[in-house]
1. I'm told Ile103 meets every condition in (1) surrounded by fewer than 12 Cβ atoms within 10 Å (Cβ to Cβ); (2) modelled with pLDDT under 85; (3) closer than 21 Å to Leu7 by Cβ; (4) of a type outside the set (Ser, Thr, Tyr) except one. Can you identify the failing condition by its number?
2. Residues being surrounded by 10 or more Cβ atoms within 10 Å (Cβ to Cβ) and in a loop (DSSP other than H, G, I, E, B): count how many of those fall in region 23-52.
3. Answer yes if at least one residue in region 57-66 is within 12 Å of the chain's Cα centre (by Cα), β-branched (Val, Ile, Thr) and either at pLDDT below 85 or closer than 30 Å to Gly3 by Cα (or both), and no otherwise.
4. Condition check: farther than 15 Å from Leu108 by Cα and of a type in the set (Lys, Arg). Does Arg55 satisfy that?
5. May I ask you to list pairs of residues, at least six apart or on different chains, whose Cβ atoms are under 9 Å apart, with the first in region 23-44 being closer than 15 Å to Leu13 by Cβ and the second being surrounded by 11 or more Cβ atoms within 10 Å (Cβ to Cβ) and among the charged types (D, E, K, R)?
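The values are calculated or read from the model by the stated rules, or taken from the named source; none is laboratory data. Bear in mind that the values here come from a model prediction, so they are computed numbers and not experimental data. Virtual Cβ from ideal backbone geometry, glycine too; neighbours counted across all protein chains shown.
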Amino acid sequence: MGGVYLLPRANALAVAKSVKEEMATLAKDLPPGVTWSVPYNTTPFITASITDVMRMLAEAIRLVFIVMLIFLQNICAIIIPTLVIPVVLLGTFIGLSILHYTINQLTLFGMVLASALWLTT
């Protein structure tokens, strides 16, 4: 009986994929009646979290666009702030990468919340 544990900076999705691929090749050489299983898998939660963050980001961009359209009533004045959201997030990701910070769910949520609050004020 054994387990796979992640290192502090490991990508859980990549590790899970690699382990499953390796175990698929090793399963051919296992004795009859011996199987392997994954009793605890965190990757569905991680995938769902990333999907939720992306959906929340899209909703935030739509809400910013709608609120600014209602108050400014000018498409030209709305386009630039709406395009700023992805540019700011991309710059944030680049900055975090340069500083060797990891992107986790709390960081993603904070960036979405900060960009939504900043653009609506």
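1. So Ile103 meets the others, but not (1).
2. Just the residues of region 23-52 that are surrounded by 10 or more Cβ atoms within 10 Å (Cβ to Cβ), to begin with: 23-24, 26-27, 30, 36, 38, 41-43, 45-52.
If we keep only those that are in a loop (DSSP other than H, G, I, E, B) too, we end up with 30, 36, 38, 41-42.
Within region 23-52, residues that are surrounded by 10 or more Cβ atoms within 10 Å (Cβ to Cβ) and in a loop (DSSP other than H, G, I, E, B) number 5.
3. No, region 57-66 contains no residue that is within 12 Å of the chain's Cα centre (by Cα), β-branched (Val, Ile, Thr) and either at pLDDT below 85 or closer than 30 Å to Gly3 by Cα (or both).
4. no
5. Pairs that qualify, where the first residue is closer than 15 Å to Leu13 by Cβ and the partner is surrounded by 11 or more Cβ atoms within 10 Å (Cβ to Cβ) and among the charged types (D, E, K, R), are Val38/Lys20; Thr43/Lys17.
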